[in-house]
Amino acid sequence: MSQPIRILLNGAKGRMGQAIIHVANDEGAVIAGTVDQGDNASKLINDVDVVIDFSSHNATLGIAQLCAQNKKPLVIGTTGHTPEEKNAIADAIKGIPVVWAGNYSVGVTLLNALVRQATRALNQAGRWDIEVTEMHHRHKKDAPSGTADTLLKILMEERKLATDALKHGRSGITGERPLGEIGVHVLRGGDVVGDHTVLFAAEGERLELTHKAANREIFARGALRAARWAKGKSAGIYGMNDVLGLK
Ligand code: NAD
């Protein structure tokens with residue numbers, strides 16, 4: 001492998017930060033700097049090739065601004081940003097290459113493509129209702145997950161629906177299910193790393209597309225792969241499908 005890539009890791013003490021440190025060497029990377037809450041990243045940024053952020057939704061803007069000031073590529077792993085945070089981050093990173101994905105696994109990158117293909121095909125095949133479920137460990141702080149948000153965005157694009165079509169859980173006398181609704185169901189518990197299912201239901205048949213993550217290494221390896229890919233790219237916001245050449 002070529003020269004190891006030098007990484008500054010934000011959120012280094014967290015579950016994902018630790019997973020990245022664990023697999024960095026295998027993935028041709030050196031963790032040249034680690035920062036967590038209360039640390040000062042500006043002292044370390046000059047000595048690295050790429051910054052990876054797996055801290056918290058409200059910490060991403062600060063590290064994004066620092067990357068932009070220092071012209072360093074950024075891999076954004078955090079999820080759960082508010083619309084205001086998303087806009088501010090997008091504004092801040094205009095001059096640098098950024099990989100921004102709600103899920104860095106190969107399987108979910110493919111799931112996204114398959115869900116788009118299935119929705120497009122089933123739009124032409126009579127009435128198919130769509131429901132999305134996701135399950136994560138009891139410590140997860142945002143809901144639905146970033147991965148579920150991406151799946152929902154794809155479904156809304158392909159069905160030409162807006163966010164008011166999303167039905168988060170059901171209870172009481174709900175009435176019959178309208179076609180233009182996408183049910184969203186969030187489960188939390190135990191140590192589940194991340195399960196996502198998109199379910200298409202018609203009269204007499206049902207199709208389920210499911211991904212199950214068994215450990216955090218898949219995200220860590222994907223984020224490091226994204227960091228290697230981002231080095232030297234022109235400014236822009238990229239996804240894992242760009243990194244994996246799945247576009
Ligand atoms: P975690 O709570 O275990 O770790 C987060 C770490 O960030 C903690 O050590 C915390 O102290 C630190 N932190 C908080 N605020 C900070 C700040 N202002 N500056 C620097 N560090 C700060 O969480 P986790 O499970 O490791 O997940 C981290 C993020 O990554 C979450 O947003 C999660 O949803 C997301 N995530 C994304 C993917 C993906 O593939 N994109 C996969 C898993 C998790």
Filter region 149-173 for residues that are hydroxyl-bearing (S, T, Y) and over 17 Å from the mean Cα position of the chain (by Cα); which is surrounded by the most Cβ atoms within 10 Å (Cβ to Cβ)?
-> T163
Looking only at region 60-73, decide whether some residue is away from the ligand (no atom under 15 Å from the Cβ) and either under 18 Å from the mean Cα position of the chain (by Cα) or hydroxyl-bearing (S, T, Y) (or both).
-> yes
Determine whether region 128-139 contains at least one residue that is away from the ligand (no atom under 12 Å from the Cβ), among the acidic types (D, E) and assigned by TED's automatic domain parsing to the domain that holds L209.
-> yes
All but one of (1) free of Cβ contacts under 8 Å to residues at least 60 places away in the same chain; (2) within 11 Å of the ligand (Cβ to nearest atom) hold for S105; which doesn't?
-> (1)
Please give the number of the condition E176 fails out of (1) of a type in the set (D, E); (2) over 20 Å from the mean Cα position of the chain (by Cα); (3) not in a loop (DSSP other than H, G, I, E, B).
-> (3)
May I ask you to list the residues in region 75-97 that are within 16 Å of I45 (Cα to Cα) and away from the ligand (no atom under 13 Å from the Cβ)?
-> I93, I96, P97
Residue check: is T133 more than 18 Å from F219 (Cα to Cα) and touching a helix residue (DSSP H, G or I) at 6+ places or on another chain (Cβ under 8 Å)?
-> no
So, first residue free of Cβ contacts under 8 Å to residues at least 60 places away in the same chain in region 111-140, second residue surrounded by 15 or more Cβ atoms within 10 Å (Cβ to Cβ) and part of a strand (DSSP E or B), Cβ within less than 6 Å, six or more apart or across chains; the pairs are H136/G194
Matching entry among E158, E208 (being in contact with a helix residue (DSSP H, G or I) (Cβ under 6 Å, 6 or more places away or on another chain), over 30 Å from V50 (Cβ atoms) and outside any loop (DSSP other than H, G, I, E, B)) = E158
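The values are calculated or read from the model by the stated rules, or taken from the named source; none is laboratory data. Small disclaimer: the values here were computed from a predicted structure and weren't measured. Neighbour counts are summed over all protein chains in view; Cβ atoms, including those assigned to glycine, are modelled from backbone coordinates with ideal geometry.
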